[in-house]
Amino acid sequence: MNISPLQVQRLKYAPKLPGMLRHGISEISVKEGEETKSVADQEQIKALFPNTYGKKEITFEKGANTSAAKKQVVGVILSGGQAPGGHNVVCGLYDALKATNKENVLYGFKGGPSGLIEDNYLVFDDEYIDQFRNTGGFDIIGSGRTKLETEEQFAVAAEVCKKHGITAIVIIGGDDSNTNAAVLAEYFAAHETGVQVIGCPKTIDGDLKNEDIECSFGFDTATKTYSELIGNIERDANSAKKYWHFIKVMGRSASHVALECALETQPNICLVSEEVAEKKMSLAQIADYIADSVAARAAKGMNFGVAIIPEGVVEFVPEFSALIKEINEMLAGAKAEEFNALASWKEKYAFIENGLSKESFSVFATLPETVQQQLFLERDPHGNVQVSLIESEKLFSALVKANLEERRKNGTYKGKFSALHHFFGYEGRCAFPSNFDADYCYSLGYNAFMLIQYGYNGYLSKISNLSRPAEEWVAGGMPITKMMNMERRHGEDKPVIRKALVELEGRPFKYFEEHRATWAVETCYTYPGAIQYYGPDEVCNLTTRTLALEKGTM
């Protein structure tokens, strides 16, 4: 098989572990901390998780290993969308497992959680796993979005584990996947299966974080990849001096990716969904805000610029959110068939006008026709609008263009406006992991096995102090239930891990807020360039700007 020179070198890279995990398995002891409680709804969460709630946080440190010696047969699952570094979690898990006992076995369940239910697996060996060290993607076993959430699924999972003598399952995923891990852990404990469940925090969106989980893996690599591309576009914009680039980036529920990319590249505009919601900004107000930057730069002879748009920002606009809700209700049940049977857009438009309230239709009518039609594309499994299909970058450039035409009519704008559009999503999900993510993910996997060896169940693998060199990282674990609260999902109250949104009082946003007025008018672009894997620490072992600001190292 032909592989690139970079891949040859990355396969040889030896990921760095936290200091306390470098002593050898026999010299890793555990220190227990305080008992925990969920972030909210404590009584409800405790009632739902009587066997796994309230457990203690733990930290690993140098000392005699007091865990019981036994053969471990572990299963691992990759769940949800890809994120750079996932392969290294598996590699770290495998290496720790084999370092403890050569007879230990690691099963990889293929295609995500469904692999466990369908008993579709492979057994890892050195030759196979060595092909995937420090590489991007989830192709080592594949991933999937099947949710483990029913009693029937849990019973099947228990039987599969019993068949293979599996003692623990490691689920590598985001907030929903780790919620499922917590529920599965509770089921296994309640039914005395003897199978432990450990989670690992993954999502490039960056919204699986809290006071314990400083960042989810993949966020570092993905934002560096997007920032390189945005920096390249900024350089092109400043060279051609004739285009405004509207760039949509990943982030359905939170704007961490957009904010980090803005901190890395200093664009003229970056929308932050959480601020849009806080200020209850309308589409017109957002368009006016962007148009102010366009006009101010045009007055200086700069008819070019860069605007970063979070993927899910339209859901945070109150009027647009209300419109989507009405559309979902309008097309519920048989009405969807009636709508889809209409032959022309003109007929569908009349159906829509008749079905929406006057307020929502007035919003709908201001949208470009392409965006109007995107609101009626294929629904999600619950019959709702798929907001991710809305080209919000094109929506806002069209609204800005209309705003500028009004300004031109009243003599307050005389510039030129020509827009180009981009969406960066899949480009970052399977990139070669940065050194940070390669190290972090390997540590998460290695640490997950230590949690298994010491008998913990329903815990999340936790590596902290991440803004410092890897030697100073702290390894341990926390009960997944600590991150949970109750939320309304599909008409029912469900226990879920609370998503972390951008904190408007947090240091990353405050830094952005302090500088954006200057960036909006001046050309302050910065060019991060490609991820560096070799060279001085200051270029190849960088953390994100978000983490550096949060931890006071920037």
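The values are calculated or read from the model by the stated rules, or taken from the named source; none is laboratory data. None of the values given here were measured: they were computed from a predicted structure. Because the Cβ atoms are built from the backbone with ideal geometry, glycine has one as well, and the counts that use them run over all protein chains shown.
Return the only residue of Ile452, Ile390 being touching a residue at least 12 places away in the same chain (Cβ under 8 Å), in the same structural domain as Leu367 (by TED's automatic domain parsing) and crowded, with 24+ Cβ neighbours inside 10 Å.
Ile390
Filter the range 464-473 down to the residues that are of a type in the set (A, V, I, L, M, F, W, C) and in a loop (DSSP other than H, G, I, E, B) and list them by number.
Scanning the range 464-473 gives Leu466, Trp473.
Looking only at the range 65-92, residues that are among the small types (Gly, Ala, Ser), in contact with a helix residue (DSSP H, G or I) (Cβ under 7 Å, 6 or more places away or on another chain) and part of a loop (DSSP other than H, G, I, E, B) come to 5 in all.
When you check Leu542 against the structure, is it within 23 Å of the chain's Cα centre (by Cα), over 28 Å from Ala431 (Cβ atoms) and surrounded by fewer than 20 Cβ atoms within 10 Å (Cβ to Cβ), yes or no?
no
Does the range 172-186 hold any residues that are over 16 Å from Thr150 (Cβ atoms) and among the aliphatic types (A, V, I, L, M), and which are they? Answer for the range 172-186, where residues must be over 16 Å from Thr150 (Cβ atoms) and among the aliphatic types (A, V, I, L, M): just Ile172.
In the range 221-253, of all residues being under 13 Å from the mean Cα position of the chain (by Cα) and surrounded by fewer than 24 Cβ atoms within 10 Å (Cβ to Cβ), the one that is modelled with the highest pLDDT corresponds to Ser253.
Restricting attention to the range 133-147, does a residue exist that is under 23 Å from His23 (Cβ atoms), in contact with a strand residue (DSSP E or B) (Cβ under 8 Å, 6 or more places away or on another chain) and buried (at least 23 other Cβ atoms within 10 Å of the Cβ)? Taking every residue of the range 133-147 in turn, none turns out to be under 23 Å from His23 (Cβ atoms), in contact with a strand residue (DSSP E or B) (Cβ under 8 Å, 6 or more places away or on another chain) and buried (at least 23 other Cβ atoms within 10 Å of the Cβ). Need a quick list: helices (runs of 4 or more DSSP H) entirely within the range 240-307 having at least 3 residues that are touching a helix residue (DSSP H, G or I) at 6+ places or on another chain (Cβ under 9 Å), within 27 Å of Ala222 (Cα to Cα) and touching a residue at least 24 places away in the same chain (Cβ under 8 Å). Passing ranges, in order: 256-265, 273-278. With respect to Leu444, is the statement that it is of a type in the set (A, V, I, L, M), in the same structural domain as Val249 (by TED's automatic domain parsing) and buried (at least 18 other Cβ atoms within 10 Å of the Cβ) true? Judged against the criteria, Leu444 is not a match. The number of residues in the range 181-220 that are modelled with pLDDT of 95 or more and farther than 20 Å from Trp473 by Cβ comes to 17. Checked against the criterion of being more than 25 Å from Ala185 (Cα to Cα) and of a type in the set (Asp, Glu), the range 26-39 contains one or more residues that satisfy it.
With respect to the conditions (1) buried (at least 18 other Cβ atoms within 10 Å of the Cβ); (2) modelled with pLDDT under 95; (3) not in a helix (DSSP H, G or I), Ile327 falls short on a single one, namely (3). Just one of the numbered conditions (1) at pLDDT below 95; (2) under 34 Å from the mean Cα position of the chain (by Cα); (3) not aromatic (Phe, Trp, Tyr) is not true of Ala343: (2). Ile327 - would you say it is within 30 Å of Ala240 (Cα to Cα), of a type in the set (Val, Ile, Thr), out of contact with any Ser or Thr (no Cβ under 6 Å at 6 or more places or on another chain) and in the same structural domain as Tyr413 (by TED's automatic domain parsing)? Here the answer is no, as Ile327 does not meet what is asked. Counting just the residues of the range 72-81 that are out of contact with any Gly (no Cβ under 6 Å at 6 or more places or on another chain) and modelled with pLDDT of 95 or more, which one comes out surrounded by the most Cβ atoms within 10 Å (Cβ to Cβ)? Taking the candidates together, the pick is Ile77. A residue that is closer than 20 Å to Met281 by Cβ and touching a helix residue (DSSP H, G or I) at 6+ places or on another chain (Cβ under 8 Å) cannot be found anywhere in the range 411-421. Candidates in the range 271-321 are the residues that are touching a Lys or Arg at 6+ places or on another chain (Cβ under 6 Å) and modelled with pLDDT under 95; of these, the one that is farthest from Ser227 (Cα to Cα) is Pro318. Screening the candidates Phe512, Phe424 for the property of being crowded, with 18+ Cβ neighbours inside 10 Å, closer than 22 Å to Asp205 by Cα and more than 20 Å from the chain's Cα centre (by Cα) yields one hit, Phe512. Against the numbered list (1) touching a residue at least 40 places away in the same chain (Cβ under 8 Å); (2) out of contact with any Pro (no Cβ under 6 Å at 6 or more places or on another chain), Glu514 comes up short only at (1). Residues of the range 55-64 that are part of a strand (DSSP E or B), under 29 Å from the mean Cα position of the chain (by Cα) and among the basic types (Lys, Arg): Lys56 alone.
Those helices (runs of 4 or more DSSP H) of the range 106-210 in which 1 or more residues are over 28 Å from the mean Cα position of the chain (by Cα) occupy 126-129, 151-164, 175-190. When Ala190 is tested against (1) surrounded by fewer than 24 Cβ atoms within 10 Å (Cβ to Cβ); (2) of a type in the set (Gly, Ala, Ser); (3) within 30 Å of Lys394 (Cβ to Cβ), only condition (3) is not met. Being in contact (Cβ under 8 Å) with a residue 24 or more places away in the chain and within 28 Å of Asp205 (Cβ to Cβ), is that true of even one residue in the range 338-359? Within the range 338-359 (the criterion being in contact (Cβ under 8 Å) with a residue 24 or more places away in the chain and within 28 Å of Asp205 (Cβ to Cβ)), the answer is no, since none of the residues qualifies.
Of everything in the range 474-512, what is of a type in the set (D, E, K, R) and not in a strand (DSSP E or B)? Give them in sequence order. Those that are of a type in the set (D, E, K, R) and not in a strand (DSSP E or B): Lys482, Arg498, Lys499, Glu503, Glu505, Arg507, Lys510. Filtering the range 87-132 to residues that are farther than 24 Å from Ile28 by Cα, surrounded by 15 or more Cβ atoms within 10 Å (Cβ to Cβ) and hydroxyl-bearing (Ser, Thr, Tyr) leaves Tyr107, Ser114, Tyr121. Considering only residues in the range 1-54 that are among the aliphatic types (A, V, I, L, M), free of Cβ contacts under 8 Å to residues at least 40 places away in the same chain and not in a loop (DSSP other than H, G, I, E, B), the one that is surrounded by the most Cβ atoms within 10 Å (Cβ to Cβ) turns out to be Ala47.
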